Amino acid sequence: MLGVVTHSFRATCGIYDMQGKNPNPLGPIELMHKLKAMGSQGIMFISTEGHIPNLDEGLLGEVGEEAKSLGMYLEGGSSGTEPVETERQLRATAIMGGKILKTSVGWLLHPDIISNTDEWNTFKKETRTNLKVLAKMARYWDIKIGLENHFDVTYQELAQFVDEVGSEYIGVTLDTANAFGIVQDPVETARALAPYIIATHFKDWQLYETRNGYTMRQDVLGQGEVDLKTIVPIIQAANPDVNYSIELDHHRNFEMKVLDPAYWNSFEKRDPNDLVKMLNITRKANRPIEKLKDVPYLKGASIEELMEHETKILQKSMDYCVKELGFEIGKENK
């Protein structure tokens, strides 16, 4: 089924950096109705608590009932693997009637947050310990946890995390574009993680060549360097029941200084071919940094303009999914 990650409507919903800037933000039920009218078949909360303050049980139940009446799937959203917080999120997802909780191992950018191998190895050890606890919690709540490939773990490390815990309740939320943020090929990443995929962030990035590497910018699906036409069949072959949740991370650009030696200080071992492939993809895109245009969020656009932009690029992305990728709105895509 084709749905939407709520991150795509940060201005419309007044979440994250948009908190307090929208005088009339959409609540989760209003958002579901808006997305349903656009053809969406479900939603994944980027952060359940970001939309449902304090994980209010009454509102969680109402959201779940409304999703059921609309025929929309619901997937919860969290971040990190800290057990106490994750159990709160599992419980909230259960109250909504969801069966999947998206999370990540963290948001540990190289080299900004993790700057050396000792820090990284300590973090990985803590993550392994946490995941063993989370697997038992997830089984208790009968909810699968999907670890997202963020800008911190390679696909090899993520697969190893899942293999080591050895639980059917721990899998992967495949972000189709985030491989660029760890200097890996999205198609290779999809193939390697295919056996573990239980959810998705359906996303695309444009790459702009810089002196130190490349800058990533997102807009409409199909207008970037992610080969979605190859990735979708890989996902479908591995898990025909997975939901495709469009994520439009269009409020910022990400600069990847991969030609700066400091970027690599926190990695113990990396295949040099990863960098070669990424530079080739970037040069093939033929987008010099001088052509990069600021997204509306970075140009001081009004809240009304931002809301209009969010709706417009989601509709264009959904149209692309239908026309170019074979998705059928209102039907399961198997």
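Only the coordinates and a few stated rules stand behind these numbers; no lab work does. This structure is a prediction, so every number in the text was calculated from the model and none was measured. Methodologically, a virtual Cβ is constructed for each residue, glycine included, from the backbone with ideal geometry; neighbour enumeration extends over all protein chains shown.
Excluding same-chain neighbours fewer than eight residues apart, the aspartates and glutamates reachable from LYS144 by a Cα-Cα span under 13 Å are GLU75, GLU87, GLU168. One compactness figure for region 94-152 is 1.33, namely its Cα radius of gyration divided by 2.2 N^0.38 Å.
Rg ratio for region 53-115: its Cα radius of gyration over 2.2 N^0.38 Å, N being its residue count, equals 1.35.
Scaled against the 2.2 N^0.38 Å expected of a compact globular protein of N residues, the Cα radius of gyration of region 174-315 reads 1.10.
Rounded to the nearest whole angstrom, the semi-axes of the ellipsoid equivalent to region 246-286, taken from the Cα gyration tensor as √(5λ), stand at 22, 16, 11, largest first. Here region 1-72 is treated as an ellipsoid with the same Cα gyration tensor; its semi-axes, largest first and in whole Å, are 19, 15, 10.
Ranked by Cβ crowding within 10 angstrom, fewest neighbours first, how are THR6, THR173, THR81 ordered?
Ordered by Cβ neighbours within 10 Å, fewest first: THR81, THR6, THR173.
For Cα Rg over 2.2 N^0.38 Å, pick the label among (i) 1.05; (ii) 0.95; (iii) 1.46 that corresponds to the value derived from the coordinates. The value matching this structure is (ii). The alpha-carbon atoms of region 265-328, seen along their principal axes, cover 45, 36, 26 angstrom, with the largest extent given first. Shown for THR103, THR230: other C-beta atoms within 10 Å of each C-beta, ranked fewest to most, produce the order THR230, THR103. For VAL172, nonlocal amide neighbours, meaning residues 5 or more places apart or on other chains whose placed amide H falls under 5 Å from its own, are LEU147, ILE197, ILE198, ALA199.
Amide H contacts of VAL226: TRP205, each under 5 Å away and 5 or more positions distant or on a separate chain (H built 1.01 Å from N in the peptide plane; Pro and chain starts excluded). Mean Kyte-Doolittle of at least -1.0 plus a Cα span of 24 Å or more along the axis: flag which DSSP H helices in the chain meet both, please. Passing helices, by number: 303-325. Annotation: extensible slack from LYS229 through ILE113 equals 38.4 nm (criterion: 0.36 nm per residue apart, minus Cα-Cα distance). Here region 272-288 and region 8-61 have alpha carbon centers that stand 36 Å from each other. In summary, the lysines within cross-link reach of LYS316, defined as a Cα separation below 20 angstrom excluding same-chain residues under 8 places away, comprise LYS34, LYS36, LYS203, LYS229, LYS293, LYS331.
Listed by chain and number, the aspartates and glutamates placed with their C-alpha closer than 17 angstrom to that of LYS21 are GLU304, GLU305, GLU308, GLU310; residues fewer than eight positions away on the same chain are left out. Across region 1-134, the convex hull enclosing all Cα atoms gives 123 Å³ per residue.
Average projection, convex hull of the Cα set of region 165-217: 4.3 square nanometres.
Out of all DSSP beta bridges with both ends in the chain, state the antiparallel percent to the nearest 5. Please list the in-between numbers first.
Working: 9 of 34 bridges.
Expressed as a percentage, antiparallel bridges in the chain total about 25.
Calculated over region 100-222, the projected area of the Cα convex hull averaged across directions stands at 8.0 nm².
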